[in-house]
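Worksheet for the structure shown next.
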Amino acid sequence: MASLHEYRYAGMAALERAAANTIEKRLLNARGRPSFNLVFYAVNTKGEHAVVSPYESSGKEPARYALCTDDGPRTLPTEPMFPGTPEG
C-alpha cells in the first residue's frame with residue numbers, strides 16, 4: 001500500500017504536469033504560471049489522505065478542504081506547490 005508521502009508526491013506530479021501543459025497566454029499569470037487554482041485529493045480505504053493545490057490561497061481565502069473523522073469535522077489547508085495566489 002502506498003504511503004502518504006507517495007500520495008503527496010503523486011499529487012504534486014499531477015500539478016507539475018498541469019502547470020507544464022498550460023501554455024495558452026490567457027491561462028498564465030504575470031509569472032508564467034497557471035492563473036487558476038485546482039485541487040487534487042488522494043485518499044485510501046483507511047482514510048489516509050493527501051491534498052495538494054498549485055497555490056496556497058485563492059483570492060483572499062486560503063486554499064482549504066473539509067475533513068470529517070471520528071474526531072469531528074474540520075477544515076485544513078492544502079499543501080501548495082507555489083506561494084501566493086493564481087493572480088500573481
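Bear in mind these aren't lab numbers, they're just calculated from the coordinates by the rules spelled out. Note that this is a predicted model, so its numbers are computed, not measured. So basically every Cβ, Gly included, is an ideal-geometry build from the backbone, and we count neighbours across all protein chains shown.
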query = Farthest toward the dipole's positive end in the chain, which of Gly32, Gly72, Ser53, given Cβ charges of +1 (Lys, Arg) and -1 (Asp, Glu) about the Cα centre?
reply = Gly32
request  = Using amide H atoms built 1.01 Å from N in the peptide plane, name the residues 5+ places from Phe82, or on other chains, whose amide H lies under 5 Å from its own.
outcome  = Tyr55, Glu56
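Among the GluC sites (Glu not before Pro) in segment 14-55, which ones are in a DSSP loop with at most 11 other Cβ atoms within 10 Å of the Cβ? Mind listing them?
On the way: sites: Glu16, Glu24, Glu48; in loops: Glu24, Glu48.
Counting only loop positions with at most 11 other Cβ atoms within 10 Å, the GluC sites (Glu not before Pro) in segment 14-55 are Glu24.
Let's see if you can work this out: charge +1 on each Lys and Arg Cβ, -1 on each Asp and Glu Cβ, no other charges. What is the dipole magnitude of segment 41-88 about its Cα centre, in debye to the nearest 20?
Working: 4 positive and 7 negative charges, 12 e Å.
Here the size comes out at about 60 debye.
Explain nothing, just the number: dipole magnitude of the chain about its Cα centre with +1 on each Lys and Arg Cβ and -1 on each Asp and Glu Cβ, in debye rounded to the nearest 20.
Result for the chain is approximately 340 debye, rounded to the nearest 20.
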key: the chain: calculated mean residue ellipticity at 222 nm from DSSP helix runs of at least 4, using -39500 (n - 2.57)   = -6500 deg cm²/dmol
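Just want the ordering: His49, His5, from fewest to most Cβ atoms lying within 10 Å of their own Cβ. Intermediate values should be presented prior to the final figure.
Values: His49 16, His5 9.
The most exposed by this proxy come first: His5, His49.
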request  = Collect residues whose amide H, placed 1.01 Å from N in the peptide plane, falls under 5 Å from the amide H of Tyr65; neighbours closer than 5 in sequence don't count.
outcome  = Leu76, Thr78
request  = For segment 4-82, give the share of DSSP beta bridges that are antiparallel, in percent and rounded to the nearest 5; count only bridges with both residues there.
outcome  = 80
inquiry  = Could you derive backbone 3J(HN,Hα) for segment 69-76 from the dihedral phi with the Karplus parameters 6.51, -1.76 and 1.60 (θ = phi - 60°), listing whole Hz in sequence and x where the residue is Gly or Pro?
reply    = 10, 4, 7, x, x, 7, 10, 10
key: Label point distance in nm, Glu6-Glu79, each placed 7 Å from Cα along Cα→Cβ   = 1.4
message = Taking just the alpha-carbon atoms of segment 47-88, what radius of gyration and Dmax come out, in angstrom?
response = 11.7, 38
task = Kindly state, to the nearest 0.05, the FRET efficiency for Asn44 paired with Arg64, given R0 = 22 Å and r defined as their beta-carbon distance.
result = 0.55
query = With no solvent and one point on each alpha carbon, what is the Debye value of log10 I(q)/I(0) for segment 4-82 at q = 0.12, 0.16, 0.23, 0.25 Å⁻¹?
reply = -0.38, -0.63, -1.09, -1.20
